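Novice: A single structure is presented below for examination.
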Amino acid sequence: MYSGEVHVGGNAQVKELPNLIVSKLAVGPYDNNSYLLRCRNTGAQLLIDAAAEPDRLRNLIGSDGLTAIVTTHAHGDHWQALAAIVEETGCLSYAPLADAGSIQGPITETLIDGQFIHWGDCALKVLTVGGHTPGCSMLVYNDPVGHEHLFSGDALFPGGVGKTTTPQDFDTLLTGVTAKAFDQLSDLTWVYPGHGNDTTLGRERPHLAEWRQRGW
């Protein structure tokens with residue numbers, strides 16, 4: 001049964017949805033989460049954040065290849081394996097427009113807020129919120145027979161939003177996450193963060209005012 005609890009060196013956790021299979025793997029010295037999304041209908045695969053440990057990511061991808069990698073933002077712990085995986089698989093590489101120039105790896109296409117990324121019969125919508133980095137983005141999968149699934153990168157975690165360095169950046173991030181996730185998606189939305197355990201929007205929603213008041 002999927003719990004969303006993974007640790008570096010351990011096995012992936014697998015969540016099976018009607019049209020999508022999500023595999024979550026913890027990699028690297030910063031305990032990053034990489035997510036492999038497999039379209040059930042076509043077998044096409046997409047990876048969110050080729051963070052580290054390319055050998056373990058290769059094993060996760062397997063022999064069916066990779067359509068694309070999406071990097072959620074520019075911080076180096078989220079793209080250490082990007083160049084190696086792109087070179088080996090020949091896949092496309094997407095990154096937020098405002099962060100693409102700071103990512104040391106091949107970028108095929110830059111992403112803007114509201115854009116859709118398609119692979120197989122599945123799609124992710126880009127939600128760019130900024131604050132954590134200029135292009136910090138989340139990705140939402142709208143399950144046609146269920147609730148939404150939000151891959152939040154470093155924008156949203158259990159207990160708060162991602163790290164920022166100025167009050168202005170915090171306001172940008174919290175305002176963006178509130179407007180584009182909490183104000184648009186249901187409480188059932190499952191949240192897959194860039195580090196650590198999963199959560200839901202319903203679990204976090206009661207604490208928005210508290211986060212705003214504390215400033216982090």
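The values are calculated or read from the model by the stated rules, or taken from the named source; none is laboratory data. Everything quoted here is computed from the prediction, not taken from an experiment. Note: ideal-geometry Cβ built from the backbone for every residue, glycine included; neighbour counts use all protein chains shown.
Novice: Of SER23, SER34, which residue is free of Cβ contacts under 8 Å to residues at least 60 places away in the same chain, in contact with a strand residue (DSSP E or B) (Cβ under 8 Å, 6 or more places away or on another chain), closer than 18 Å to ALA84 by Cβ and polar (S, T, N, Q)? Please lay out each step first, then the result.
Specialist: Working: SER23 fails: closer than 18 Å to ALA84 by Cβ.
Criteria check complete, one pass: SER34.
Novice: Out of the residues in the range 164-216 meeting the condition of being basic (Lys, Arg) and in contact with an Asp or Glu (Cβ under 9 Å, 6 or more places away or on another chain), tell me which one is surrounded by the most Cβ atoms within 10 Å (Cβ to Cβ). Break it down into steps so the answer makes sense when it comes.
Specialist: Looking only at the range 164-216, we keep the residues that are basic (Lys, Arg), and these are 180, 203, 205, 212, 214.
Remaining after also requiring in contact with an Asp or Glu (Cβ under 9 Å, 6 or more places away or on another chain): 180, 203, 205, 212.
Values: LYS180: 22, ARG203: 13, ARG205: 13, ARG212: 14.
By that ranking, first place goes to LYS180.
Novice: A follow-up question, please. Is at least one residue of the range 64-72 among the hydroxyl-bearing types (Ser, Thr, Tyr), crowded, with 21+ Cβ neighbours inside 10 Å and part of a strand (DSSP E or B)?
Specialist: no
Novice: Would a scan of the range 48-56 turn up a residue that is without any contact (Cβ under 8 Å) to a residue 12 or more places away in the chain and either outside any loop (DSSP other than H, G, I, E, B) or crowded, with 22+ Cβ neighbours inside 10 Å (or both)?
Specialist: Filtering the range 48-56 down to residues without any contact (Cβ under 8 Å) to a residue 12 or more places away in the chain leaves 55.
Adding the requirement that they be either outside any loop (DSSP other than H, G, I, E, B) or crowded, with 22+ Cβ neighbours inside 10 Å (or both) leaves 55.
Within the range 48-56 (the criterion being without any contact (Cβ under 8 Å) to a residue 12 or more places away in the chain and either outside any loop (DSSP other than H, G, I, E, B) or crowded, with 22+ Cβ neighbours inside 10 Å (or both)), the answer is yes, since at least one residue qualifies.
Novice: I would also like to ask the following. Looking at the range 13-44 only, could you name the residues that are crowded, with 18+ Cβ neighbours inside 10 Å, under 16 Å from the mean Cα position of the chain (by Cα) and either within 13 Å of ILE61 (Cα to Cα) or at pLDDT below 95 (or both)?
Specialist: Residues satisfying the conditions are VAL22, SER23, LYS24, LEU25, SER34, TYR35, LEU36, LEU37, ARG38.
Novice: So is TYR94 out of contact with any Leu (no Cβ under 7 Å at 6 or more places or on another chain), surrounded by 16 or more Cβ atoms within 10 Å (Cβ to Cβ), on the phi < 0 side of the Ramachandran plot and among the aromatic types (Phe, Trp, Tyr) or not? Before you say what the answer is, go through the steps one by one.
Specialist: Values: out of contact with any Leu (no Cβ under 7 Å at 6 or more places or on another chain): no; surrounded by 16 or more Cβ atoms within 10 Å (Cβ to Cβ): yes; on the phi < 0 side of the Ramachandran plot: yes; among the aromatic types (Phe, Trp, Tyr): yes.
When the stated conditions are applied, TYR94 does not pass them.
Novice: Between GLU87, GLU148, which is surrounded by fewer than 15 Cβ atoms within 10 Å (Cβ to Cβ), among the charged types (D, E, K, R) and either at pLDDT 95 or above or closer than 16 Å to VAL70 by Cβ (or both)? Even if it seems obvious, please write down each step before you answer.
Specialist: On the way: GLU148 fails: surrounded by fewer than 15 Cβ atoms within 10 Å (Cβ to Cβ).
Exactly one of GLU87, GLU148 is surrounded by fewer than 15 Cβ atoms within 10 Å (Cβ to Cβ), among the charged types (D, E, K, R) and either at pLDDT 95 or above or closer than 16 Å to VAL70 by Cβ (or both), namely GLU87.
Novice: Inspect all residues belonging to the range 116-136 and state whether any of them is free of Cβ contacts under 8 Å to residues at least 12 places away in the same chain, surrounded by fewer than 20 Cβ atoms within 10 Å (Cβ to Cβ) and of a type outside the set (Val, Ile, Thr). Even if it seems obvious, please write down each step before you answer.
Specialist: The initial filter retains those residues of the range 116-136 that are free of Cβ contacts under 8 Å to residues at least 12 places away in the same chain, namely 116, 118.
Narrowing further to those that are surrounded by fewer than 20 Cβ atoms within 10 Å (Cβ to Cβ): 116, 118.
Then drop every residue that is not of a type outside the set (Val, Ile, Thr), which leaves 116, 118.
Yes, that holds for at least one residue.
Novice: Conditions first: (1) over 15 Å from CYS91 (Cα atoms); (2) outside any strand (DSSP E or B); (3) of a type outside the set (Lys, Arg). TYR35 passes all but one, so which condition is the exception?
Specialist: (2)
Novice: Report yes if SER23 is part of a strand (DSSP E or B), under 23 Å from THR200 (Cβ atoms) and not aliphatic (A, V, I, L, M), otherwise no.
Specialist: Working: part of a strand (DSSP E or B): yes; under 23 Å from THR200 (Cβ atoms): yes; not aliphatic (A, V, I, L, M): yes.
Answer is yes for this residue.
Novice: Based on what the data block shows, is HIS195 in contact (Cβ under 8 Å) with a residue 40 or more places away in the chain and either within 15 Å of TYR35 (Cβ to Cβ) or of a type in the set (Lys, Arg) (or both)? Give the steps one after another, and end with the answer.
Specialist: On the way: in contact (Cβ under 8 Å) with a residue 40 or more places away in the chain: yes; either within 15 Å of TYR35 (Cβ to Cβ) or of a type in the set (Lys, Arg) (or both): yes.
Yes.
Novice: LEU127 passes all but one of (1) closer than 24 Å to GLY202 by Cβ; (2) outside any strand (DSSP E or B); (3) modelled with pLDDT of 95 or more; which number fails?
Specialist: Status for LEU127: all satisfied but (2).
Novice: Among the residues of the range 95-124, how many are of a type in the set (A, V, I, L, M), in a loop (DSSP other than H, G, I, E, B) and closer than 22 Å to ARG38 by Cα? Lay out the reasoning, then the answer.
Specialist: Narrowing the range 95-124 to residues of a type in the set (A, V, I, L, M): 95, 97-98, 100, 103, 107, 111-112, 117, 123-124.
If we keep only those that are in a loop (DSSP other than H, G, I, E, B) as well, we get 97-98, 103, 107, 112.
If we keep only those that are closer than 22 Å to ARG38 by Cα as well, we get 107.
Qualifying residue count, the range 95-124: 1.
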